[in-house]
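Asker: Input: one structure, supplied below.
The values are calculated or read from the model by the stated rules, or taken from the named source; none is laboratory data. Please read all numbers here as calculations on a predicted model, not as lab measurements. Cβ atoms come from the backbone with ideal geometry, glycine included; neighbour counts cover every protein chain shown. Just the protein is used for accessible areas: all its heavy atoms, side chains included, with ligands, DNA and RNA removed. Shrake-Rupley method; radii C 1.70, N 1.55, O 1.52, S 1.80 Å.
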Amino acid sequence: MENKYDIAVIGSGPGGYVAAIRAAQLGKRVALIEKYKTLGGTCTNVGCIPTKALLDSSEHYHLAQTDFAVHGIETDNLRLDFNQFIQRKDDVVTQNGAGLNFLMKKNKITVHSGTASFIDAHHLLIKGTENTDVIVEAAHIIIATGSKPATLPGVTIDKKRIITSTEALSLTEQPKSMLIIGGGVIGVEFASIFARLKTKVTIIEYADSLLPTMDRELGKALQKSFGKLDIKLELNKRVQSVQNSGNEVKVVFENEGSEQQELNADYCLVAIGRKAYTDQLNPGAAGVEVLQNGKIKVDGKLQTSVPNIYAIGDVINGPMLAHKAEEDGKYVAELICGEQSHLDYKLVPGVVYTWPEVASIGQTEEELKADNTAYTIGKFPFLASGRARASRDLDGFAKVLIDPKYGEVLGVHVIGARAADIISQATIAMKNEITVKELNDMIYPHPTFSEVLKEAYLIGSGKPSINI
Ligand code: FAD
Ligand code: NAD
């Protein structure tokens, strides 16, 4: 009885802990199994939370150097205490972890510390750190084991100078220079953190723009803002090798068909994507099928090839985002408990926490073109917003894509101050199929950054803006 549960959840990231809490709320006896020493997974320990802590600290330092004097604030002898910069991030992570421990106790969830591997479809072996093996039996099992950084063929992550985002969060010295392979989400967030500290940053990206999977205008606009931070870009470049020579790294790369180039720096951060994490899980022992890309195969209800086993979050196909993992976790817990639940991947917002922030929901212009879908564009610059002028946040725009026949909002793409928060307004509109005509009748508080969306909707519906 002791280790017999209604539901065992493997992995305590935003997918796993949300699934565990929701199932416990619905009256189930739940076990949460985690191999890492603290709860919270990638997001809490080495992902969303620590990056945002460092992004905020670095932005304060950057503004103190570049902007405060304009406001009449003098900061003589400004300097950065790099150890404290890292320590504050660690404190934020610890606080979040403590919050999760409290939630586990509150919801009477049993936490097993150790690495889970399948024995069969109802039994897991949990290997603890001190030879404390435990066998857990569960009617239902949820795989929420997340992801880990991908590497390039022939490139070894030595975790010393050739590093991933995990090591970049806990460096013991401020790098003078850093090469970042990959201009995706991790690449641009870390480029921001270190360039604001005056580290010389170069991004080497395979595609012809930053953030190539988002609406292309966003990455192009971010490139302009990155120019002001003195971030160098090597676009359309394929990396061939990375070597640690002791005191520095050398990265060799080439343009297709052109000569090889090489750059040296203190560190090379490899940020070319993440892959499913199923090491030691042994899903085959339960008959759980794994796709060729290493992800766990699930159907539309997130059920694996074994009926009592589900998989959620980064370990399955789909966007690798914390809020998507959370939604998966809630959905599966409710499904197992016999509740009515609904999962809709059409409207998953994506946010990049650079400054200006970048945020998107719905279809991109490239996707609409590829589908031959008719659309009109409404675009409004932050430069023309009174609120943006008051805070000197002048970079960026809001771009809305509208269906010309019914006035439905097809996509919203924002780069600018507080885009991360503005995007939820667009999500509400799209989720409820509010037409652009109805949105034009809405009163926005003035002055706010969200007015850029109001103006973009107006222009997208074919009406002239009052402000440009
Ligand atoms: P994870 O959070 O990866 O958790 C999986 C857990 O399972 C881990 O704790 C792991 O130790 C454990 N585990 C694995 N195998 C076993 C096993 N066999 N036994 C026991 N335990 C096991 N997303 C956002 O939405 N917003 C952001 O701002 C954001 N920033 C990010 C920044 C960085 C640097 C990174 C790397 C990612 C970021 N992400 C962000 C992505 C986000 O962290 C992930 O999408 C999210 O954590 C996925 O949640 P998950 O529950 O599927 O898995
Ligand atoms: P990514 O897929 O966002 O970007 C990887 C980039 O690397 C792409 O632009 C790709 O073109 C480039 N690339 C691939 N191979 C290359 C090569 N050989 N040479 C040069 N460039 C190459 O992946 P990521 O930035 O590593 O992030 C991983 C995951 O973590 C993402 O799915 C993301 O959703 C998640 N994440 C989210 C946030 C957020 O929501 N704010 C923050 C960080 C990470």
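Asker: Does segment 66-82 contain any residue that is more than 30 Å from ALA286 (Cα to Cα) and touching an Asp or Glu at 6+ places or on another chain (Cβ under 8 Å)?
Answerer: yes
Residues are listed down the side, and each one gets a yes or a no for (1) in contact with a Gly (Cβ under 7 Å, 6 or more places away or on another chain); (2) within 20 Å of ALA195 (Cα to Cα); (3) hydroxyl-bearing (Ser, Thr, Tyr):
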position: HIS71; (1), (2), (3): no, no, no
position: LEU80; (1), (2), (3): no, yes, no
position: GLN84; (1), (2), (3): no, yes, no
position: LYS105; (1), (2), (3): no, no, no
position: VAL111; (1), (2), (3): no, no, no
position: GLY114; (1), (2), (3): yes, no, no
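Asker: Is it the case, given these coordinates, that LEU152 is assigned to a loop (DSSP other than H, G, I, E, B) and either within 16 Å of ligand 2 (Cβ to nearest atom) or open to solvent by 50 Å² or more (accessible area, probe 1.4 Å) (or both)?
Answerer: Judged against the criteria, LEU152 is a match.
Asker: From GLU167, GLU130, GLU137, GLU74, which residue is within 28 Å of the chain's Cα centre (by Cα) and among the acidic types (Asp, Glu)?
Answerer: Exactly one residue qualifies, and that residue is GLU167.
Asker: List the residue pairs whose Cβ atoms are under 7 Å apart, where the first residue sits in segment 146-157 and is over 21 Å from GLY11 (Cβ atoms), the second is part of a loop (DSSP other than H, G, I, E, B) and not polar (S, T, N, Q), and the two are 6 or more positions apart or on different chains.
Answerer: Listed pairs, sorted by first residue: THR151/ILE157; LEU152/ILE272.
Asker: Only one of (1) within 30 Å of ILE296 (Cα to Cα); (2) more than 10 Å from ligand 2 (Cβ to nearest atom) is not met by GLY227, so which one is it?
Answerer: Just one mismatch for GLY227, condition (1).
Asker: May I ask you to list the residues in segment 265-283 that are within 8 Å of ligand 1 (Cβ to nearest atom) and at positive phi?
Answerer: The one that is within 8 Å of ligand 1 (Cβ to nearest atom) and at positive phi: GLN280.
Asker: Which residue, of THR51, THR44, THR75, is away from ligand 1 (no atom under 16 Å from the Cβ) and not small (Gly, Ala, Ser)?
Answerer: Being away from ligand 1 (no atom under 16 Å from the Cβ) and not small (Gly, Ala, Ser) holds for just one of THR51, THR44, THR75, which is THR75.
Asker: Against the condition farther than 22 Å from SER424 by Cα, of a type outside the set (S, T, N, Q) and not assigned by TED's automatic domain parsing to the domain that holds GLU455, how does VAL351 come out, does it pass?
Answerer: Values: farther than 22 Å from SER424 by Cα: no; of a type outside the set (S, T, N, Q): yes; not assigned by TED's automatic domain parsing to the domain that holds GLU455: yes.
For VAL351, the condition - farther than 22 Å from SER424 by Cα, of a type outside the set (S, T, N, Q) and not assigned by TED's automatic domain parsing to the domain that holds GLU455 - is not met.
Asker: Restricting to segment 205-254, count the residues that are open to solvent by 20 Å² or more (accessible area, probe 1.4 Å) and within 16 Å of ligand 1 (Cβ to nearest atom).
Answerer: Here the count works out to 2.
Asker: From THR199, THR213, THR172, THR132, which residue is in the same structural domain as ALA286 (by TED's automatic domain parsing) and more than 19 Å from ASP279 (Cβ to Cβ)?
Answerer: The unique qualifying residue is THR132.
Asker: Return the residue satisfying two criteria in turn: it lies in segment 159-173 and is part of a loop (DSSP other than H, G, I, E, B) and of a type outside the set (Ser, Thr, Tyr), and of such residues it is nearest to ligand 2 (Cβ to nearest atom).
Answerer: The residue in question is LEU169.
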